[in-house]
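Report on the following structure.
The values are calculated or read from the model by the stated rules, or taken from the named source; none is laboratory data. Fair warning: this is a prediction, and the values are worked out from it, not measured in the lab. As a convention, Cβ positions derive from the backbone with ideal geometry for all residues, glycine included, and neighbour counts pool all protein chains shown. For accessibility, only protein heavy atoms count, side chains too; no ligands or nucleic acids. Shrake-Rupley method; radii C 1.70, N 1.55, O 1.52, S 1.80 Å.
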Amino acid sequence: MPARSRTITSAVAVAATAVVLAGCGNSPDSGQAPAAGNDVQLVAEGKLTTCTHLPYEPFQFNDGGKIVGFDVELVDLVATKLGVTQEIIDTPFEGIQSGEDLNIGKCDVAAAAMTINDVRKQNFDFSEPYFDATQALLVKSSAGITATDAATAAQALAGKRVGVQSSTTGQEWAQENLPNSELVVFEDLGLLTTAAQTDQVDAAINDNGPLLDFAKKNPEMAVTAEFDTDEQYGIGVKKGNTAVLQAVNEAIATARTDGTYDKIYEKWFGKAPGA
Amino acid sequence: MALTRRQRARLGRGVQYAIAVAVVLLVALTADWATIGRAFFDLEVAASQFPGVIVIALRNTIVFTALGFVVALALGLVLALMRLSSVRIYRLVAGAYVEFFRGLPALLIVIAIGFGVPLAFGTILDRTVAITLALGIVGSAYIAETVRAGIQSVPRGQVEAARSLGMSPLRTMVFIVIPQAFRIVLPPLTNELILLTKDSSLAFLLGTTLEQQELAQFGRSALNQFRSLTPILVVGLCYLIITIPLSYLARRLERKYGSAGMPKGAEV
Amino acid sequence: MSGSTARGTGTDDVVVDLTDLHKSFGSNEVLRGIDLRVRRGEVVCIIGPSGSGKSTLLRCVNLLEVPSSGTVVVDGAEITDPDCEIDDARRTMGMVFQQFNLFTNLDVLGNLTIAPRRVLGRSRAEAETTARANLARVGLSEKEHAFPAQLSGGQQQRVAIARALTMEPTVMLFDEPTSALDPELVGDVLDVMRSLAEEGMTMLVVTHEIQFAREVADRVLFIDGGVIVEQGTPEKVIGAPEQERTRNFLARVLHPGQKTA
């Protein structure tokens, strides 16, 4: 085709690219507008945006169209303190625990029953601990598998299939302490517990909170061991986001002193906090 | 005992039927129908999916797919023209784009857009914009090839006649080639729409609020909540509500427009 | 310089001027130096065996093929000049193809009006008036809303001629216009071409219809192997050819199956 077609194709290409790019960067959710009544900068105006991964009963889960749970209520306290409402984003756990979601501005805080550890501390900042947890072992009550510590667990589970959840401290613990077991990795808690319930795996390793909750609701399952892994949960914020971090820590501290924390704890775990 | 051809044919058919019946019986008799019924056909759980599955999930799937398709079509058209251009740089760039994005799983592309764009440009995209862009990019690579093939299948004589009348290359493309190519590519475009509908299930990778869940995530969420596979069945039916009519439409268009863009059944 | 007096012969007004035209496809040289001047109102028929380059010659005139060397000047515009605005120049030339090439996405009226509207900027009403006039000229007024696929080959070709005429060209180029037609449809198309010639249209026709050339042409060119072997009045070239190649070709075409001398 003679020379004219070049100009045409160029014009069309440029125009189309411009149209497409105009759609980007035009994001109502971005922007550094300060929230109402505070100097704290949030990723979305008027909202405290939380990244989490569902389901993780009883910390965060979908109950009939609404996301509820222990973590949800704690972060609600922070939102109230900042004079905004909480908006929860359900997103793959890898992005949360690697800090990427916080870095790219997807959310202000990450509340996903996350254990505080050194690796994660490198990726983002943690709040003060808000929950004491430990790794636990979930099995069928009838299976008769028990343990008192890592060593006895390794014995009891030798040659068996043990389910873990991807990117969790439970997965790390199992990799370290159960060399003779076959580890099966599941993407979320729901799939993991279902697998244990349907005998796809012989046992499941995860935090005691959700496993105890599951065993409570499913009598044929039981938590037969808790390992003293001394884990503590923290809420994550983007590295250097001191404003939001301060708000979180203050909200939690206030809750502990004025009894709100105990109330929430009892609501979700059926007993007062021991620690 | 030599069999005649007819007898051989009948014997062959008989064997095939016997095998088919055997397979069906095998599956039917070994499957645990009680458990399947409980797992997949729990009416109470199914009922609880409504209206959310329609009002939120189906709506989101349709919106993401439609928006993604529009972007894919626009981008694909530009890319097709670039591939056919006489300017070498355009051909190379478009060619590289198509090979690259056709060769990657849509999953990776969605993740790359979800994290790559914010990191590169310092601003996070609205989630609907992000999934639209991702689906648009995924679809555009395929649509570019389809459109290019369609444009090239318009007979050269049509172009020669238009140019002989004094029509410029642009006018020829706009008034003669693209209208004819359009009819040729309608069936494959409809197929692409079906594929894009299924790819919209990757939206969960970008993180969603409850209102932004599309069908697949809605189903998985309910699966976790109710520990029943019934939501998967419900969501699956919703997908079929979209894809089966589209499939039918694609077949009808193919019959109507054939491969030469001329109305079938006309005498010459 | 023959035939009816309606044609504007006797003037030196050259409409198509080809000078030393060469065209190669790869290593295959198809046109090996063609010189040709067509005067206004002249009807020139080009005959010759397949592969002789006659179609290529015609297609060089409106630059559907780009000559390897040589110049083409049509109605004052040097087509082969790289600075030539070829789209504008093509308005002076109407082309009729062997395969008709009617636009399949438009009906007959659409085919006739698209170029006047989009290229000449005429209004729809204006374009349709001209279109209908030209349709009447080729005897197909009742088919204006038909689609090409619904017409016979002969009808399509006549519509194609009408389409070319709506741009009011100075010269009409015909590339084997009847070769793809069933024999019984050929006559209608030739009738249209005949009346066009009688109205004084300058025509350059590549054809196998020797009888038509004999009756209608002012000049006949016999092309073989990329050169003009013989040219002159139909009486001379067809009736009393000087060259042996011409004689052999005519013998084969006019009396197929007969042994040639």
- Flagged in segment B:75-124 as in contact (Cβ under 8 Å) with a residue 24 or more places away in the chain and over 30 Å from B:MET173 (Cα atoms), in numbering order, are B:ALA106, B:LEU107, B:ILE109, B:VAL110, B:ILE111, B:ILE113, B:GLY114
- Note on the structure: Condition set within 27 Å of C:ASN101 (Cα to Cα) and within 14 Å of chain A (Cβ to nearest Cβ), scope segment B:177-216, selection least open to solvent (accessible area, probe 1.4 Å): answer is B:VAL177
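Residues are listed down the side, and each one gets a yes or a no for (1) surrounded by fewer than 21 Cβ atoms within 10 Å (Cβ to Cβ); (2) among the hydrophobic types (A, V, I, L, M, F, W, C):
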{"residue": "B:GLY52", "(1), (2)": "yes, no"}
{"residue": "B:VAL55", "(1), (2)": "yes, yes"}
{"residue": "B:ASN60", "(1), (2)": "no, no"}
{"residue": "B:LEU92", "(1), (2)": "yes, yes"}
{"residue": "B:GLY114", "(1), (2)": "no, no"}
{"residue": "B:PRO118", "(1), (2)": "no, no"}
- Go through segment C:243-261 residue by residue and tally those that are exposed (fewer than 13 other Cβ atoms within 10 Å of the Cβ) and not in a helix (DSSP H, G or I). 7
- Message: If a residue must be in a strand (DSSP E or B) and either more than 10 Å from every other protein chain (Cβ to nearest Cβ) or within 19 Å of A:LYS216 (Cβ to Cβ) (or both), how many such residues does segment A:51-65 contain?
- Response: 5
- Message: Out of the residues in segment A:78-95 meeting the condition of being within 24 Å of A:VAL164 (Cα to Cα) and at the interface with chain B (Cβ under 9 Å from one of its Cβ atoms), tell me which one is surrounded by the fewest Cβ atoms within 10 Å (Cβ to Cβ).
- Response: A:PRO92
- Please work out if A:VAL19 is part of a helix (DSSP H, G or I), at pLDDT below 50 and not acidic (Asp, Glu). yes
- Answer yes or no: is there a residue in segment C:64-73 that is over 18 Å from B:VAL159 (Cβ atoms) and in contact with a Cys (Cβ under 7 Å, 6 or more places away or on another chain). yes
- Message: When you check A:ALA204 against the structure, is it aliphatic (A, V, I, L, M), under 20 Å from the mean Cα position of the chain (by Cα) and not assigned by TED's automatic domain parsing to the domain that holds A:ARG120, yes or no?
- Response: yes
- Query: Out of segment C:29-42, which residues are buried (at least 24 other Cβ atoms within 10 Å of the Cβ) and either outside any strand (DSSP E or B) or modelled with pLDDT of 95 or more (or both)?
  - Reply: C:GLU42
- Query: Residues C:MET201, C:MET193: which one is open to solvent by 20 Å² or more (accessible area, probe 1.4 Å), within 19 Å of the chain's Cα centre (by Cα), closer than 19 Å to C:GLY41 by Cβ and among the hydrophobic types (A, V, I, L, M, F, W, C)?
  - Reply: C:MET201
- Task: Would you be able to tell me the number of residues in segment C:117-135 that are touching a helix residue (DSSP H, G or I) at 6+ places or on another chain (Cβ under 8 Å) and closer than 22 Å to C:SER195 by Cβ?
- Result: 5
- Complete set of residues in segment A:187-236 that are assigned to a strand (DSSP E or B), more than 17 Å from A:ALA143 (Cα to Cα) and in contact with a Leu (Cβ under 7 Å, 6 or more places away or on another chain): A:ASN206, A:GLY236
- Filter segment C:90-105 for residues that are surrounded by fewer than 23 Cβ atoms within 10 Å (Cβ to Cβ) and more than 8 Å from chain B (Cβ to nearest Cβ); the one that is nearest to C:ALA131 (Cα to Cα) is C:THR92
- Message: Condition first: part of a strand (DSSP E or B) and either open to solvent by 10 Å² or more (accessible area, probe 1.4 Å) or touching an Asp or Glu at 6+ places or on another chain (Cβ under 8 Å) (or both). Now tell me which residues in segment C:43-78 satisfy that.
- Response: C:VAL43, C:VAL44, C:SER69, C:GLY70, C:THR71, C:VAL72, C:VAL73, C:VAL74, C:ALA77, C:GLU78
- segment A:250-272 residues that are farther than 15 Å from A:TYR130 by Cβ, paired with ones that are surrounded by fewer than 15 Cβ atoms within 10 Å (Cβ to Cβ) and of a type in the set (Asp, Glu) (beta carbon under 9 Å, 6 or more apart): A:ALA272/A:ASP262; A:ALA272/A:GLU266
- Result of the Cβ filter at 9 Å on segment B:140-163, keeping first residues that are under 26 Å from B:ALA106 (Cβ atoms) and partners that are in a helix (DSSP H, G or I) and of a type in the set (Ser, Thr, Tyr), at least 6 apart or interchain, is B:SER140/B:TYR97; B:ALA141/B:TYR97; B:ALA144/B:TYR97
- Is one or more of the residues making up segment A:66-77 touching a residue at least 40 places away in the same chain (Cβ under 8 Å), open to solvent by less than 10 Å² (accessible area, probe 1.4 Å) and within 12 Å of chain B (Cβ to nearest Cβ)? no
- Which of the following residues is out of contact with any helix residue (DSSP H, G or I) (no Cβ under 6 Å at 6 or more places or on another chain), more than 14 Å from every other protein chain (Cβ to nearest Cβ) and not aliphatic (A, V, I, L, M): A:ASP188, A:ASP118? A:ASP118
- Go through (1) more than 21 Å from the chain's Cα centre (by Cα); (2) crowded, with 23+ Cβ neighbours inside 10 Å; (3) more than 9 Å from chain C (Cβ to nearest Cβ); (4) under 25 Å from C:PHE100 (Cα atoms) and name the single condition B:ARG163 misses. (3)
- State yes or no: is B:SER168 out of contact with any Ser or Thr (no Cβ under 8 Å at 6 or more places or on another chain) and either surrounded by fewer than 23 Cβ atoms within 10 Å (Cβ to Cβ) or within 14 Å of chain A (Cβ to nearest Cβ) (or both)? yes
- Item | Hits in segment B:204-221 (condition: assigned to a helix (DSSP H, G or I) and within 14 Å of B:TYR239 (Cβ to Cβ)) | B:LEU215, B:ALA216, B:GLN217, B:PHE218, B:GLY219, B:ARG220
- In segment A:33-42, residues that are open to solvent by 30 Å² or more (accessible area, probe 1.4 Å) and modelled with pLDDT of 80 or more total 1
- Filtered residue count, segment A:106-125, keeping only those that are open to solvent by 10 Å² or more (accessible area, probe 1.4 Å), β-branched (Val, Ile, Thr) and either within 11 Å of A:VAL244 (Cβ to Cβ) or not in a helix (DSSP H, G or I) (or both): 1
- Message: Restricting to segment A:168-205, name every residue that is closer than 17 Å to A:PRO219 by Cα and touching a Pro at 6+ places or on another chain (Cβ under 6 Å).
- Response: A:GLY190
